[in-house]
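Worksheet for the structure shown next.
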Amino acid sequence: MGSGLAAQAAVNICGDVGDSLTAAGTTNADALGLTAAINRVTTTAASTGVRLMVPETGASVVVVNSGANALLVYPGTGASINALTVTTGGFSVAAGGRALFVGTSSTNWFAVLSA
C-alpha cells in the first residue's frame with residue numbers, strides 16, 4: 001500500500017472499508033449486517049437499514065449514508081444504540097449524513113451523529 005505497509009497490516013491499523021453497500025430489510029432481523037469498520041451505504045430505499053455487529057469496548061464503526069433516503073441503523077442482537085434496542089427501532093441517519101458508533105461496553109453502542 002502507499003504507506004509502505006502490507007495490505008493486511010494497514011487494515012489492522014486503520015480498519016476495513018465496506019463501500020457501495022445497499023441497505024436491506026425493515027427490521028433488525030432482516031437489515032444488512034455490517035462487517036467493516038467504515039461503511040458507505042449508497043442505496044437506501046425508504047425504511048431500509050443496516051445492523052451493527054455486537055459491540056466491543058473501545059471499538060468504533062463509521063456509517064456514511066450516501067443514499068437518497070434516511071438509513072436506519074440497528075444494534076446487534078443483545079445490544080443497544082444509546083437507549084434503542086433491537087425491538088425499539090433503528091437509529092436514523094439522514095440522507096447525506098454520517099454517524100460514528102463507539103462501543104462503550106459489550107452491550108452498548110454510543111452514537112455520534114453528524115450535522
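Remark: relative contact order (the chain) = 22 percent; criterion is Cα-Cα distance under 8 angstrom and separation of 6 or more residues. Computed from phi, the 3J(HN,Hα) profile of the range 79-87 under the Karplus parametrisation 6.51, -1.76, 1.60 (θ = phi - 60°) reads 10, 9, 10, 6, 9, 7, 10, 4, 9 Hz, with x in place of Gly and Pro.
Using the Kirkwood formula on the Cα atoms of the chain, what hydrodynamic radius do you get, in angstrom to one decimal?
Hydrodynamic radius (Kirkwood, Cα pairs) of the chain is 14.1 Å.
Taking 0.36 nm per residue of separation and subtracting the current Cα-Cα distance, fully stretching the chain between residue 35 and residue 110 would add 25.2 nm. Here the simple spin-label model places points 7 Å from the Cα toward Cβ, and for residue 26 and residue 77 these points are separated by 2.3 nm. Proximity of backbone amide H atoms, modeled 1.01 Å from N, is registered between residue 89 and no other residue at under 5 Å, excluding neighbours fewer than 5 places apart on the same chain.
A full extension of the chain between residue 69 and residue 98 corresponds to an added length of 9.1 nm, given 0.36 nm per residue minus the alpha carbon distance. Applied to the range 93-104, the Karplus parametrisation 6.51 cos²θ - 1.76 cosθ + 1.60 on θ = phi - 60° returns per-residue 3J(HN,Hα) values of 10, 4, 4, x, x, 9, 9, 10, 10, 10, x, 9 Hz, with x for Gly and Pro.
Readers should treat all values here as calculations from the given coordinates under stated rules, not as data from a laboratory. Note that this is a predicted model, so its numbers are computed, not measured. Because the Cβ atoms are built from the backbone with ideal geometry, glycine has one as well, and the counts that use them run over all protein chains shown.
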